[in-house]
1. Would it be correct to say that Ile151 is in contact with a Lys or Arg (Cβ under 7 Å, 6 or more places away or on another chain), assigned to a helix (DSSP H, G or I), under 17 Å from His69 (Cβ atoms) and assigned by the TED database to the domain that holds Leu60?
2. Looking at region 74-88, which of its residues are open to solvent by 10 Å² or more (accessible area, probe 1.4 Å) and aromatic (Phe, Trp, Tyr)?
3. Name the residues in region 134-168 that are aromatic (Phe, Trp, Tyr) and over 25 Å from Ile83 (Cα atoms), would you?
4. Output yes when any residue across region 148-167 is buried (at least 16 other Cβ atoms within 10 Å of the Cβ) and modelled with pLDDT under 95, and no when none is.
5. Mind listing just one residue for me: the one in region 1-30 that is at pLDDT below 75 and over 17 Å from Gly91 (Cα atoms) and, of those, least open to solvent (accessible area, probe 1.4 Å)?
6. Can you pull out every residue in region 126-179 that is of a type in the set (Ser, Thr, Tyr) and within 23 Å of Ile112 (Cα to Cα)?
7. When you scan region 185-199, how many residues do you find that are exposed (fewer than 15 other Cβ atoms within 10 Å of the Cβ) and assigned to a helix (DSSP H, G or I)?
8. With the condition kept exactly as written, say whether any residue in region 89-108 is in contact with a Gly (Cβ under 8 Å, 6 or more places away or on another chain), small (Gly, Ala, Ser), surrounded by fewer than 21 Cβ atoms within 10 Å (Cβ to Cβ) and within 17 Å of Ala185 (Cβ to Cβ).
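The values are calculated or read from the model by the stated rules, or taken from the named source; none is laboratory data. Keep in mind that what you see is a predicted model, and the values were worked out from it rather than measured. Neighbour counts are summed over all protein chains in view; Cβ atoms, including those assigned to glycine, are modelled from backbone coordinates with ideal geometry. Each accessible area value is taken on the protein alone, full model and side chains, heavy atoms only, with ligands, DNA and RNA left out. Shrake-Rupley method; radii C 1.70, N 1.55, O 1.52, S 1.80 Å.
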Amino acid sequence: MGLKNFTRIQGHTPIDPNESAGLKIGSISTIDELNEWEQFNIEKALDWSSRRKFSKEKILIPEFIHLVHKKMFEDVWTWAGEIRKSNKNLGVDKFKIRTELYQLIENCKFWIENRTYDPDEIAIRFKYKIVSIHCYPNGNGRHSRLIADIIISNIFNMPVFSWGRRTLGSDDKARKTYLKTLKEADDGNLLPLLKFSRS
């Protein structure tokens, strides 16, 4: 199977041929079709997550982090919820993913217990770090935003983030702003990403 005419949009991770072969829907042949199917699956995951209340102990374990990704992409990709097996143009080495994710979870527990940052910053720091690790072949940005929403709404009982109130599509001004805030976070300035998350 796999995609024909598969060109990723700016800010999306390229998918190698082995990962592309994990596409479950044989009729998909373009990036636009893929985006539609993924969005449909993500909406199901949003419904799943919004109908449940998760404890901090449930959320802050690798199994739950992977489950969220699986729920978001399981109708589209065979490898949904599985750690990537290839290196990308961003993210940590594939062999470091489990260690980095474990450390992030432990750091987040510490931030919460010690009130190191305010709730928004804890959720956004987690979001930024997990997308930097890049655990999965595809969907890391979307996954990281849903995880931040789950953290802020379930652990802190606060409203989910608005993320520029847009879907962050390829030609979307909000997406360009979002990518710019990630770049600034790479340079050590998390404030623009924090502001964007509530815009």
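1. no
2. Trp79
3. Of everything in region 134-168, those that are aromatic (Phe, Trp, Tyr) and over 25 Å from Ile83 (Cα atoms) turn out to be Phe156, Phe161, Trp163.
4. Scanning region 148-167 turns up at least one residue that is buried (at least 16 other Cβ atoms within 10 Å of the Cβ) and modelled with pLDDT under 95.
5. Taking the candidates together, the pick is Gly2.
6. Tyr128, Ser132, Ser144, Ser153, Ser162, listed by residue number.
7. Total meeting the criteria: 3.
8. The answer is no, given that none of the residues of region 89-108 is in contact with a Gly (Cβ under 8 Å, 6 or more places away or on another chain), small (Gly, Ala, Ser), surrounded by fewer than 21 Cβ atoms within 10 Å (Cβ to Cβ) and within 17 Å of Ala185 (Cβ to Cβ).
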